[in-house]
1. Limited to the stretch B:82-136, what total is found for residues that are within 21 Å of residue B:156 (Cβ to Cβ), open to solvent by less than 10 Å² (accessible area, probe 1.4 Å), in contact with a Phe, Trp or Tyr (Cβ under 7 Å, 6 or more places away or on another chain) and among the aliphatic types (A, V, I, L, M)?
2. Checking residue B:76 against (1) at the interface with chain A (Cβ under 8 Å from one of its Cβ atoms); (2) open to solvent by 20 Å² or more (accessible area, probe 1.4 Å); (3) in contact (Cβ under 8 Å) with a residue 40 or more places away in the chain, which single condition isn't satisfied?
3. Return the residues of the stretch A:24-42 that are open to solvent by 10 Å² or more (accessible area, probe 1.4 Å) and under 12 Å from the mean Cα position of the chain (by Cα); say none if nothing qualifies.
4. Can you pull out the residues in the stretch A:280-303 that are open to solvent by less than 10 Å² (accessible area, probe 1.4 Å) and under 24 Å from residue A:221 (Cα atoms)?
5. Could you say which residue among B:63, B:59, B:69 is facing another protein chain (nearest Cβ under 7 Å), in contact (Cβ under 8 Å) with a residue 24 or more places away in the chain and in contact with a His (Cβ under 9 Å, 6 or more places away or on another chain)?
6. Within the stretch B:320-344, which residues are farther than 16 Å from residue B:358 by Cβ and surrounded by 13 or more Cβ atoms within 10 Å (Cβ to Cβ)?
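The values are calculated or read from the model by the stated rules, or taken from the named source; none is laboratory data. Please read all numbers here as calculations on a predicted model, not as lab measurements. Neighbour counts are summed over all protein chains in view; Cβ atoms, including those assigned to glycine, are modelled from backbone coordinates with ideal geometry. Each accessible area value is taken on the protein alone, full model and side chains, heavy atoms only, with ligands, DNA and RNA left out. Shrake-Rupley method; radii C 1.70, N 1.55, O 1.52, S 1.80 Å.
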Amino acid sequence: MLDYETLKLIWWGLVGVLLIGFALTGGFDLGVGALLPLMGRSDEERGAVVESIVGTWEGNQTWLITAGGALFAAWPLVYAAAFSTLYGALMLMLFALFLRPVGFDYRDKLKDLRWRKAWDIGLCIGGAVPALIIGVAFGNLFTGVAFALDNTVRVSYGGVFLDLLNPFALFCGVVSLAMLLMHGAAFLHLRTEGAIQLRARRAAIITGVTTAALFAVGGMWLAQRNGLQLLQIGDVNTALRPGDKTVGMLAGGWLHNYALYPRTWLLPLLGIAAALLTALSAWRRWGWATLLASGSAVTAIIVTAGWSLFPFVLPSSMDPASSLTLWDAVSSQRTLGIMLIVVIIFMPLIMLYTTWVYRVMRGPIRVSQPGAGY
Amino acid sequence: MIPAADVVELSRLQFGLTAMFHFLFVPLTLGLSWILVICESVYVMTGQQVYKDMTRFWGKLFGINFAMGITTGITLEFQFGTNWAYYSHYVGDIFGVPLAIEGMMAFFLESTFVGLFFFGWDRLSRKQHLLVTFLVALGSNLSALWILIANGWMQNPVGADFNYVTMRMELTSIGQVFFNPVAQAKFVHTVAAGYVAASMFVLGVSSWYLLKARDTGFAIRSFAVAAGFGLASVCSVIVLGDESGYTAGEVQKVKLAAIEAEWDTAPAPAPFTAIGIPNQKEQRTDYAIKIPYVLGLISTRSVDQQVTGIKDLRLEHEARIRHGMTAYAALLKLQAGDTSPAVKAQFEAAKKDLGFALLLKKYTPNVLDASETQIKAAAGDTIPQVLPLFLSFRLMVGLGFLFLFIFSASFYFLARRNLAPQRWLLRLIVWSIPLPWVAIETGWFVAEYGRQPWTISGILPTRLSASALDASQLHFSMFGLLAIYSALFVIEMFLMLKYIRIGPAALHTGRYFGETTNDTSALPAQTAASH
């Protein structure tokens with residue numbers, strides 16, 4: 001069996017993999033949903049846009065559900081503290097997500113145009129709002145969340161809902177939205193033809209450049225902010241009591257890891273380059289290259305965020321020592337080991353059958369004639 | 001600081017409502033998916049078009065229901081973290097495992113293939129499509145397995161131990177958690193109840209078509225599938241329901257005593273109270289009609305073992321609270337850094353009762369300074385309200401036997417090829433469509449309300465499990481959930497009834513009631529978007 005320290009590190013990576021898995025697959029669904037009113041002008045066109053994701057979005061969203069489940073199993077305290085401190089934001093995201101399963105399934109169930117239009121608005125909200133809130137939540141990791149732990153490891157809260165909407169977090173929300181719009185546009189650009197494809201191409205060019213610019217600005221902003229530093233913690237190869245550590249504050253602290261390991265500067269640079277490459281490939285009409293570039297940008301941006309926080313995963317603004325790290329907010333060695341085996345067995349299987357489903361559903365989406373489709 | 005009482009009550013109400021609402025849609029997903037597999041298998045084997053139409057039509061209704069199941073399911077996954085943060089910290093090391101496995105092993109399978117079920121008809125061979133349908137059914141049922149393993153662990157928390165360093169329960173044996181007898185019995189009982197609900201649904205809708213003398217060929221075949229599947233399922237529900245009565249775990253004992261309003265420990269084998277009105281205040285059952293021996297036989301499967309009564313359980317719990325207080329005292333020393341062998345030994349000896357001491361937190365935050373009255377009150381808390389459990393349980397069991405009668409009669413008249421004249425039966429079935437849902441919800445009520453005051457039986461009181469949120473946050477979420485859920489429910493019911501009325505004509509094959517058979521030009525193209 002692997003030692004505890006290694007398992008803790010592996011699980012930091014695996015949580016990242018699941019989040020990236022969601023951003024790469026569910027991410028373009030959210031983006032396509034958010035872009036729906038812009039990409040489809042007529043009812044038939046919107047039908048075609050929805051058709052590009054309707055058969056596969058459900059499996060893609062499962063990455064989010066599974067990431068939630070894995071968080072519960074591998075980082076229970078992170079799951080508990082993050083979900084309860086971000087209560088209002090998560091409820092809003094939940095309400096927006098509600099509109100998706102019913103939206104996709106019910107929009108074609110009646111002939112009425114208003115009915116379909118209403119669901120299409122729902123799908124747009126269901127795409128844009130979660131994309132924004134996920135970014136705001138990530139932004140709050142950098143500003144710190146208002147919680148503290150007591151000696152029974154109970155989470156208490158200090159903030160109010162509006163604290164979550166601080167300028168930096170909102171900015172991160174916009175980065176996340178731009179990034180997923182880019183990914184959605186790249187996907188649509190590959191899957192569709194004609195007018196929709198042209199619009200998707202334009203959207204990919206605009207959002208690609210925007211994402212690169214916003215991400216770079218975000219990095220510069222982060223350099224001006226204070227970040228946490230883990231000064232002292234017990235033996236990371238053992239079970240640790242959360243909160244038993246010394247944490248310091250440092251100007252520009254969230255970029256400290258890049259100073260320690262200068263080669264990791266490649267990560268944010270890759271994020272910017274790949275987002276620009278997305279715009280370039282869309283301009284040159286390279287379908288696959290656009291999607292690959294935007295996928296690389298999404299991955300690099302998420303890894304950059306995670307690596308900036310490392311080893312923190314949920315910083316606290318109320319009591320820095322209560323901040324959760326990948327060392328002290330994890331499950332037992334046994335649970336991490338068992339879950340690792342589960343991942344090793346099922347992840348390749350999931351990839352395999354998901355690929356098969358995409359292969360079956362492949363082929364360009366065509367806009368059907370008015371009147372058909374019901 | 002433990003959360004305020006009103007926040008705990010609101011969180012309980014929210015969880016109860018959202019879980020019960022979710023479970024309006026789960027049974028149909030669990031059962032209808034297998035009915036689709038059965039219909040499609042017959043289609044693949046015989047090539048008869050009507051079975052493909054059956055798969056597609058019931059699949060349409062499956063889809064309307066499935067979307068709501070997915071919608072309402074996400075809420076539950078979020079809620080453990082949002083509203084039950086201390087619970088998530090305290091038992092996530094164990095409880096999170098089945099939930100995570102559910103995601104990777106089951107939910108992924110179900111969600112990835114469900115799209116292909118709807119949109120893959122023209123892209124897959126017959127056998128490939130059947131495989132897809134089968135994988136959807138397998139995925140949703142495996143999903144139920146892992147959820148019930150998690151739920152079973154809440155009722156009977158095996159394979160776990162308290163770690164005072166991390167202040168939480170930790171996994172000691174994954175095998176014990178997976179093969180928890182409570183979880184296994186619950187799984188079969190719950191999925192079989194879902195099969196009964198789905199069978200009653202198909203049986204009822206088909207009966208309605210038969211009563212209206214429309215689409216009879218389609219309806220009678222659907223009726224036959226549902227009657228057979230339903231009869232087999234209702235038998236396993238009843239047999240496994242009995243298995244669920246088997247008293248593994250502390251809470252199960254209390255639940256059993258409460259369900260049976262067994263106030264005093266009766267000499268073995270205990271009698272079964274068939275009818276009566278439990279009186280919690282006086283601790284007796286008024287107007288009781290008792291059947292000798294039956295309770296003892298069902299619950300202990302013996303004639304010489306006792307079924308412990310409520311009064312005795314309460315005394316036992318009082319002793320466990322006192323014992324738990326020594327564990328709590330030792331825990332405080334351990335936390336303060338005194339890890340001497342004597343303290344450790346004191347903790348080890350009493351830690352199985354630590355949870356009982358935590359019941360005192362409701363009365364005194366320091367636990368150790370609890371007065372005699374507080375200890376007695378905490379022991380009293382371990383006994384749930386008897387009357388609602390007693391009545392719900394009897395309602396559930398009564399309905400179960402009604403279903404047995406309905407499926408047997410359906411099967412009998414179908415086999416005698418004498419169904420059409422039995423209009424009374426067809427009408428009874430139509431009116432019975434909602435009843436399995438009533439039985440299922442009361443069953444969940446008995447299981448979960450009967451577990452109070454615990455979230456984890458004997459380990460963690462509900463009062464401590466909730467997040468210390470502000471009541472206004474709960475008001476916000478509750479308002480949003482109620483508003484959206486109500487709206488979606490109305491829409492779902494509207495679509496469901498609409499498509500039931502249209503019937504298989506919704507497939508636009510030109511072969512069914514209300515379609516003009518020769519006007520094929522009116523048929524829309526089979527686009528992928530029209531499922």
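1. Count: 3.
2. (1)
3. Passing the criteria: A:24, A:25, A:28.
4. Within the stretch A:280-303, A:294, A:297, A:298, A:300 meet the criteria.
5. B:63
6. Across the stretch B:320-344, the qualifying residues are B:333, B:339, B:343, B:344.
Rundown of residues vs (1) without any contact (Cβ under 8 Å) to a residue 60 or more places away in the chain; (2) within 30 Å of residue A:76 (Cβ to Cβ); (3) among the aliphatic types (A, V, I, L, M), yes/no style:
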{"position": "A:164", "(1), (2), (3)": "no, yes, yes"}
{"position": "A:172", "(1), (2), (3)": "yes, yes, no"}
{"position": "A:176", "(1), (2), (3)": "yes, yes, no"}
{"position": "A:186", "(1), (2), (3)": "no, no, yes"}
{"position": "A:194", "(1), (2), (3)": "no, no, no"}
{"position": "A:208", "(1), (2), (3)": "no, no, no"}
{"position": "A:212", "(1), (2), (3)": "no, no, yes"}
{"position": "A:255", "(1), (2), (3)": "yes, yes, yes"}
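To keep it simple, each residue is scored yes or no on (1) more than 19 Å from the chain's Cα centre (by Cα); (2) facing another protein chain (nearest Cβ under 7 Å); (3) closer than 16 Å to residue A:68 by Cβ.
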| site | (1), (2), (3) |
| --- | --- |
| B:89 | yes, yes, yes |
| B:92 | yes, yes, yes |
| B:99 | no, yes, yes |
| B:104 | yes, yes, yes |
| B:116 | yes, yes, no |
| B:119 | yes, yes, no |
